[in-house]
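Here is the structure we will look at.
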Amino acid sequence: MKLIRHGQLGKEKPGIVIDNIYYDVSSFGGDYTEQFFESNGLQRLKKYIIDNKSSLKKLSKDIRIGSPLARPSKIICIGLNYADHAKETNAALPPEPVIFIKATTAICGPYDDVIIPKNSVKTDWEVELAVVIEKKASYIEESVAMSYVAGYCLHNDISEREFQLERNGTWDKGKGCDTFAPLGPWFVTKDEITDVNNLKLWLKVNDSTMQSGTTANLIFNIPFLVSYVSGFMTLLPGDIISTGTPAGVGLGFKPPVYLKPGDVMELGIDGLGSSKQKCVAYAG
């Protein structure tokens with residue numbers, strides 16, 4: 001299944017995509033939250049759609065599409081998980097996954113504007129595969145990790161490099177600004193993706209290709225990451241693990257290239273759709 005959420009910011013309703021047509025499923029009851037996933041929501045929704053397909057309401061093509069997930073308890077990000085990205089940023093390959101947390105207040109829709117933060121001079125882009133957890137996970141083994149995965153979505157892990165790297169402390173300062181986590185357009189259940197370890201990722205800025213990679217080049221693969229992260233914190237249903245970005249970020253250019261108001265990012269991953277965001281200046 002492909003799940004969407006639609007409507008005004010903060011008032012999104014659940015929806016579904018069938019044969020590239022968007023439908024409202026508000027009458028199913030409940031949003032795509034932690035409670036949805038932990039209460040066997042995917043299976044209940046699948047049955048609901050089978051039973052009610054003929055009466056589902058089609059959505060207008062003009063309706064706003066929000067994040068496909070209601071606010072999760074946390075977004076866990078993996079840094080430097082592609083060798084080519086580590087190289088372009090002059091970082092050593094990590095012996096273990098680099099973990100940082102991205103604020104859930106950064107979440108926005110796949111076509112929403114991205115706000116360049118106040119005093120920012122180094123806002124950057126990162127196309128990433130996001131893994132969504134289906135059930136509570138703590139200290140799980142790698143061999144069973146995929147049974148805890150609900151599916152995937154597209155994530156632009158936008159980053160302010162000065163805040164991240166030059167303002168002392170952890171990376172989180174440059175990762176959690178408002179609108180710095182566009183998600184979607186869809187949440188796609190894992191059965192829809194034949195080989196998650198061989199998906200193409202790409203990102204353009206103003207129609208120029210900046211990133212072009214494949215999940216085949218992940219340093220730490222998805223089962224390992226789910227198991228590894230669960231050893232440091234309990235993963236709750238609906239939580240996101242964003243798996244890192246390939247080479248081609250603005251920081252890696254010589255000289256570096258950063259986003260400015262009016263720039264347009266477009267990005268996508270095989271099977272997970274594409275998104276597009278325009279950059280706007282912070283307005284107070």
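The values are calculated or read from the model by the stated rules, or taken from the named source; none is laboratory data. Owing to the predicted nature of the structure, the values given are computational and were not obtained by experimental measurement. Backbone-built Cβ (ideal geometry, glycine too); neighbour counts: all protein chains shown. Please note that ligands, DNA and RNA were not included when accessible areas were found on the heavy atoms of the full protein model with its side chains. Shrake-Rupley method; radii C 1.70, N 1.55, O 1.52, S 1.80 Å.
Restricting the search to the range 73-120, which residues are within 30 Å of Ile63 (Cβ to Cβ) and among the acidic types (Asp, Glu)? Asp112, Asp113 - these are the residues of the range 73-120 that are within 30 Å of Ile63 (Cβ to Cβ) and among the acidic types (Asp, Glu).
Looking across the range 99-110, the residues that are surrounded by 16 or more Cβ atoms within 10 Å (Cβ to Cβ) and not hydrophobic (A, V, I, L, M, F, W, C) come down to Lys102, Thr104, Gly109, Pro110. Out of Ser60, Ser73, one residue alone is in contact with a helix residue (DSSP H, G or I) (Cβ under 8 Å, 6 or more places away or on another chain), small (Gly, Ala, Ser), open to solvent by 30 Å² or more (accessible area, probe 1.4 Å) and outside any strand (DSSP E or B). It is Ser73.
Could you tell me which residue of the range 137-159 is farthest from Asp178 (Cα to Cα), considering only residues that are open to solvent by less than 10 Å² (accessible area, probe 1.4 Å) and small (Gly, Ala, Ser)? Looking at the filtered set, the residue picked out is Ala145.
Check Ser227, Ser212 and return the single one that is more than 16 Å from the chain's Cα centre (by Cα) and open to solvent by less than 70 Å² (accessible area, probe 1.4 Å). So the residue among Ser227, Ser212 that is more than 16 Å from the chain's Cα centre (by Cα) and open to solvent by less than 70 Å² (accessible area, probe 1.4 Å) is Ser227. Within the range 71-87, residues that are under 14 Å from Phe220 (Cα atoms) have Cβ atoms under 6 Å from residues that are aromatic (Phe, Trp, Tyr) and modelled with pLDDT of 95 or more in these pairs: Cys77/Phe100; Asn81/Phe220, counting only partners at least 6 apart in sequence or on another chain. Scanning the range 97-115 for residues that are assigned to a strand (DSSP E or B) and within 14 Å of the chain's Cα centre (by Cα) gives Ile101, Lys102, Ile107, Cys108.
Each residue in the range 243-274 was checked for being over 15 Å from Asp84 (Cα atoms), aromatic (Phe, Trp, Tyr) and open to solvent by 60 Å² or more (accessible area, probe 1.4 Å), and 0 pass. Scanning the range 236-262 for residues that are closer than 25 Å to Asp195 by Cβ and either free of Cβ contacts under 8 Å to residues at least 24 places away in the same chain or under 16 Å from the mean Cα position of the chain (by Cα) (or both) turns up Pro237, Gly238, Asp239, Ile240, Ile241, Ser242, Thr243, Gly244, Thr245, Pro246. Considering the range 160-171, and only residues there that are touching a residue at least 60 places away in the same chain (Cβ under 8 Å) and touching a helix residue (DSSP H, G or I) at 6+ places or on another chain (Cβ under 8 Å), the residue that is most open to solvent (accessible area, probe 1.4 Å) turns out to be Trp171.
The criterion of at least 1 residues that are over 22 Å from Arg71 (Cα atoms) and modelled with pLDDT of 95 or more is met by the following strands (runs of 3 or more DSSP E) wholly inside the range 199-282: 200-205, 208-214, 264-269, 273-281. Inspection of the range 10-18 identifies at least one residue that is in contact with a helix residue (DSSP H, G or I) (Cβ under 7 Å, 6 or more places away or on another chain), open to solvent by 40 Å² or more (accessible area, probe 1.4 Å) and either free of Cβ contacts under 8 Å to residues at least 60 places away in the same chain or farther than 25 Å from Ile158 by Cβ (or both). Flag not set for Asp84, criterion: at pLDDT 95 or above and of a type in the set (Asp, Glu).
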